[in-house]
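Down below is the structure, laid out as structure tokens.
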Amino acid sequence: MITSPPKRGMALVVVLVLLAVMMLVTITLSGRMQQQLGRTRSQQEYQQALWYSASAESLALSALSLSLKNEKRVHLAQPWASGPRFFPLPQGQIAVTLRDAQACFNLNALAQPTTASRPLAVQQLIALISRLDVPAYRAELIAESLWEFIDEDRCVQTRLGREDSEYLARSVPFYAANQPLADISEMRVVQGMDAGLYQKLKPLVCALPMTRQQININTLDVTQSVILEALFDPWLSP
């Protein structure tokens, strides 16, 4: 006599498989829903932060306009330079600090066209770096390499300057910019620069979208006096 296979056991296996598949689908859908909710929340927070920053910018411009009303010069005795302004928010506050963009040594002045073997801006940068307890040789290496990094050609024109051959030989090769800096952080890759010196230079230098060296001495503070010393080196000594 031929007996049929147990149908009850087979049905139980099918039910368990279906339950497992349904649980897997449910968990997957739940995870995707949580991800979508997280994305939506992040987008909302980003938009809120964007509006907060736009409001802070508007308040800063308003304060600056009031400070400079009927003023011919920009200086640190004006209200805009009195320190950070704080604006309360439901979950914190915004701090707005204004700083004169011309109270610094413009590194892009090195990009000025010149027929000199070494532009005046390079000599001034050497003087500035030397005043940060940097040996003269290293200061000259950094300043000349930065000039070679910024200038339009790819030829080494200075005694210590470095061009593409130096940077292409590194573990992560790259070409010199051969154009004005977009940000001062670019000088971190220049030959001779390190993190410690970069941190010392940050409050003193900038990368303005122009090649003129136009410093507002009325907005320099005491810690930036070395900029003036460097500009008039060697006639003005500390």
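Every number in this text was worked out from the coordinates using simple rules, so none of it is lab data. Everything numeric here is computed off the predicted structure, so don't read it as measured data. All Cβ positions, even for glycine, are placed from backbone atoms using ideal geometry, and neighbour counts span all protein chains on display.
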Task: Placed amide H near F105: partners under 5 Å, 5+ positions off or other chain - done: V205, C206
Open item on the list: Using a 7 Å offset from the Cα along the Cα-to-Cβ direction at both A136 and A95, what is the distance between the two label points in nm, to one decimal?
Closed with: 4.2
- [ ] Would you please give the FRET efficiency between S225 and T28, computed as 1/(1 + (r/R0)^6) with r the Cβ-Cβ distance and R0 = 41 Å, to the nearest 0.05?
- [x] 0.05
- [ ] In whole Hz, with x marking every Gly and Pro, tabulate ³J(HN,Hα) for region 85-94 from phi via Karplus 6.51 cos²θ - 1.76 cosθ + 1.60, θ = phi - 60°.
- [x] 9, 10, 10, x, 10, x, 10, x, 7, 10
Open item on the list: Cross-link candidates for K200: which aspartates and glutamates have Cα within less than 20 Å, leaving aside residues fewer than 8 places away along the same chain?
Closed with: D100, D133, E140, E144, D183, E186, D221, E229, D233
Task: Estimated inter-spin distance, K72 and Q44, nm [label 7 Å along Cα→Cβ] - done: 5.5
Task: Range in the chain, longest, excluding exposed chymotrypsin sites (Phe, Trp or Tyr not before Pro) [loop by DSSP; at most 12 other beta-carbon atoms within 10 Å] - done: 1-173
Open item on the list: Along the Cα→Cβ direction, 7 angstrom out, place labels at F87 and N178. What is the inter-label distance in nm?
Closed with: 4.5
Open item on the list: Can you match semi-axes √(5λ) of the Cα gyration tensor in Å to one of these, [x] 59, 31, 14; [y] 56, 19, 12; [z] 25, 20, 18, based on a calculation from the structure here?
Closed with: [x]
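Can you give the FRET efficiency for A56 and S171, using 1/(1 + (r/R0)^6), R0 = 35 Å, r = Cβ-Cβ distance, to the nearest 0.05?
Values: r = 41 Å, r/R0 = 1.18.
With R0 = 35 Å, the Cβ-Cβ based efficiency is 0.25.
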- [ ] Report the full-extension gain for the segment Q36 to V189: residue separation times 0.36 nm, less the Cα-Cα distance, to one decimal in nm.
- [x] 51.1 nm
Task: Packing-based exposure ordering (other Cβ within 10 Å, fewest first) of V205, V172, V96, V21 - done: V172, V21, V96, V205
